[in-house]
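A short worksheet on the structure shown next.
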Amino acid sequence: MDTTVYVPSGPASGPDPRREDAVASRARGLTKVYGQGAAAVRALDGVDVDFAAGAFTAIMGPSGSGKSTLMHLLAGLDQATSGEAMLGTTRLSGLDDGALTRLRRDRVGFVFQSFNLLPMFTAEQNVLLPLELAGQKPDPAWLDTLVDTLGLRQRLTHRPSELSGGQQQRVAIARALIAKPEVVFADEPTGNLDSRSGAEVLSFLRRSVRELGRTVIMVTHDPTAAAYADRVVLLADGRIAGDIVDPTPDAVLAGLDALRTLETSTGSAVSA
Ligand SMILES: Nc1ncnc2c1ncn2[C@@H]1O[C@H](COP(=O)(O)OP(=O)(O)O)[C@@H](O)[C@H]1O
Ligand SMILES: [Mg+2]
C-alpha cells in the first residue's frame with residue numbers, strides 16, 4: 001500500500017508532492033489555548049503543517065482533536081495563542097482586525113456544515129454576496145462555470161427554504177468560490193447531508209480542485225468523505241499525528257485505527 005502513517009517528531013509535514021511549488025496555507029508551532037488556569041484547554045499544541053496550492057486536503061481526527069480550531073486559525077477566524085498561521089506568504093498574527101476582515105473577505109472562502117445562507121435572498125443573490133460586500137462585479141464566465149458545474153441553473157431564483165439541503169450546500173460552495181479565493185475552508189460540509197447529496201458535494205469540491213485549479217481544505221470525520229481528497233492530515237490531541245497521500249477509505253480507516261493504538265505517545269513511525 002502507498003499509505004504511511006507517522007507521528008512527526010520535529011519538522012513540518014511536507015506539501016502534497018503534486019504541487020511542490022506553492023503552499024497555500026501553513027501552520028508553524030501553531031498553538032491555541034482556550035480559557036485560563038485550571039480551566040485551560042490546549043486545543044492545538046505546536047502544529048506544523050503545509051497545505052499545497054491546487055490540492056484538496058482533508059483534516060481528520062477524533063472529536064475534540066482540534067480540527068475546527070486549526071481551520072479557524074488558518075482562515076483568520078480566530079487568533080493563535082502562539083506560533084504562526086500563514087495564508088500564502090501572509091503572517092496572520094501580524095494583521096490588525098481590519099486587515100483580517102479584508103483577508104477573510106478577499107482571500108478565503110468558507111463552507112460550513114449548516115450552509116449559512118441568507119434566507120431572504122435568492123440562490124443567485126447568496127452566491128454573489130461576497131462580491132457585493134467587496135463592491136466587485138462578478139466575472140460572468142466564472143459565474144456560469146460555477147452555476148453549471150454545481151447544477152444550479154434552474155435554482156437561481158429560489159430562496160434557501162425552497163431548496164434541498166444538498167442544493168443549499170451547492171449554493172454555499174458557489175458563494176465560497178465566486179471571488180476565486182486562494183483557499184476554500186470547509187468544516188464538515190457533508191455533515192448535514194444524506195449520502196447521495198454528500199457525494200455530489202464532495203465530487204464538486206474535488207472537481208473545483210482538479211478542473212478549476214482551486215485549493216480546498218476540508219475538515220471531516222467521515223473516511224469516505226476524506227477519500228475524495230488528495231491527502232489526509234490526521235490530528236490527535238491537538239497535534240499532527242499522520243499524513244496519508246492519495247487516501248482510500250480503507251487507508252483512512254487504518255490510519256484512524258493506528259491513531260487509537262498509538263495514542264499520542266512517541267515519535268515513532270508506523271505503516272498502515
Ligand atoms: N471556544 C472554545 N472555548 C473553550 N474550549 C474550546 C472552544 N472551542 C473548542 N474548544 C475545545 O478545544 C478542543 C478542540 O476543539 P475543536 O477544535 O472544536 O475539535 P474538533 O473540531 O476536532 O472536534 C476541545 O477540547 C474543545 O472542547
Ligand atoms: Mg469540529
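The residues listed here are T122, T157; of these, the one that is free of Cβ contacts under 8 Å to residues at least 60 places away in the same chain, touching a Lys or Arg at 6+ places or on another chain (Cβ under 9 Å) and more than 20 Å from A186 (Cα to Cα) is T122. Selection within the stretch 171-211: residues that are surrounded by fewer than 22 Cβ atoms within 10 Å (Cβ to Cβ) and hydroxyl-bearing (S, T, Y). The member of this set that is nearest to F121 (Cα to Cα) is S197.
Results for (1) closer than 21 Å to R231 by Cβ; (2) at pLDDT below 95, shown as yes or no for each residue.
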| site | (1), (2) |
| --- | --- |
| R18 | yes, yes |
| L30 | yes, no |
| A43 | no, no |
| H72 | yes, no |
| G94 | no, yes |
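In this structure, G135 does not satisfy being in contact (Cβ under 8 Å) with a residue 60 or more places away in the chain, closer than 30 Å to R153 by Cβ and not acidic (D, E). Checking each residue in the stretch 60-95 for being more than 8 Å from ligand 1 (Cβ to nearest atom), open to solvent by less than 10 Å² (accessible area, probe 1.4 Å) and assigned to a loop (DSSP other than H, G, I, E, B) picks out A75, G76.
Note on the stretch 134-170: residues that are open to solvent by less than 70 Å² (accessible area, probe 1.4 Å), hydroxyl-bearing (S, T, Y) and not in a helix (DSSP H, G or I) amount to 1.
The values are calculated or read from the model by the stated rules, or taken from the named source; none is laboratory data. Please read all numbers here as calculations on a predicted model, not as lab measurements. With ideal geometry, Cβ positions are generated from the backbone for all residues, glycine too; neighbour counts draw on all protein chains shown. Quick note on the areas: whole protein, heavy atoms, side chains included, nothing else; ligands and nucleic acids left out. Shrake-Rupley method; radii C 1.70, N 1.55, O 1.52, S 1.80 Å.
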